[in-house]
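Read-outs: derived from the displayed coordinates by stated rules, not from any lab. Fair warning: this is a prediction, and the values are worked out from it, not measured in the lab. Neighbour counts run over all protein chains shown; Cβ positions are idealised from the backbone, glycine included.
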């Protein structure tokens, strides 16, 4: 299985299970929890490091959720993963 396929499948399963168990409210709750996307983030960070990217350039670091970079957008500021 390609490295990114497992977390994407996990993302899909988390969303589907939330919908089946609790409908739209549960889907919204699981998305707001960030749990589905965190798996994808970790897989991408792992692949970047395995492909020679300096781990010190990745924010937040592998296996961490903070610190995020502060980015200024057109209308608002948002903490953003790198």
By counting other Cβ atoms within 10 Å of each Cβ, how are 32, 6 ranked from fewest to most?
32, 6
Where Rh denotes the Kirkwood radius from the mean inverse Cα pair distance, what is Rg over Rh for the range 5-80?
1.06
Relative to the chain, whose Cα atoms define the longest principal axis, helix 5-32 and its Cα axis are tilted in degrees, nearest 10, by 50 degrees
What is the spin-label model distance, in nm, from residue 74 to residue 37 if the labels are put 7 Å beyond Cα along the C-beta direction?
1.9 nm
Would you order 5, 68 from fewest to most other beta-carbon atoms within 10 Å of each residue's own beta-carbon?
5, 68
Calculate how steeply helix 35-50 sits against the longest principal axis of the alpha-carbon atoms of the chain, using the helix alpha-carbon long axis, and give the answer as 0 to 90 degrees to the nearest 10.
30 degrees
What list do you get for 46, 28, 66 if you sort them by fewest beta carbons within 10 Å?
66, 28, 46
